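Notes to accompany the following structure.
Just so it is clear, none of the values below were taken in a lab; they were calculated from the coordinates. All values derive from a computational prediction rather than experimental measurement. No Cβ is skipped: glycine too gets one built from the backbone with ideal geometry, and neighbour counts run over all protein chains shown.
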Amino acid sequence: LGSQCGPSNLELCGEAEKTLLEQFGASSTEELDRAIQARETVLAKLDADFKLFVGGLQKEYLAASDKKDRAVAAVKAGRLGLLKSVQAHAKREGRAEL
């Protein structure tokens with residue numbers, strides 16, 4: 001990364017950024033602290049909301065995966081393997097039907 005727009009590199013800033021830097025520079029330390037804290041609080045809430053959303057998706061995924069696994073087990077318990085072995089045997093024997 002090279003130099004970026006900032007108080008030490010005004011020549012790298014556009015007019016809008018220079019205006020903001022002037023406004024921020026005129027602010028007190030307390031005002032800057034409050035502005036930073038407010039934005040960090042918003043970021044923390046966004047992150048927490050996202051984690052909550054992902055947690056919900058994870059629960060849905062696990063429930064759907066469990067449901068699928070139970071359904072697959074039920075199909076296999078319905079003698080799918082035996083059906084396939086009989087079909088393969090019939091094909092080797094050259095019979096179209098048993």
message: Tell me which of VAL54, SER28, ALA90 sits at the most positive position along the dipole axis of the chain, charges placed on C-beta atoms (Lys, Arg +1; Asp, Glu -1).
response: ALA90
Check: the chain dipole with +1 on Lys, Arg Cβ and -1 on Asp, Glu Cβ, in debye: 1660 debye
message: For volume of the Cα convex hull per residue in Å³, pick the label among [x] 141; [y] 229; [z] 96 that corresponds to the value derived from the coordinates.
response: [y]
field: Per-pair calculated FRET efficiency, R0 = 30 Å: LEU80 and ALA48 via Cβ, rounded to 0.05
entry: 0.05
query: In nm, what is the difference between 0.36 nm times the number of residues separating LEU62 and ILE36 and their Cα-Cα distance?
result: 5.5 nm
task: Please report how many Lys pairs in the chain have alpha carbons closer than 22 angstrom, counting only residues at least 8 apart along the chain or sitting on separate chains.
output: 9
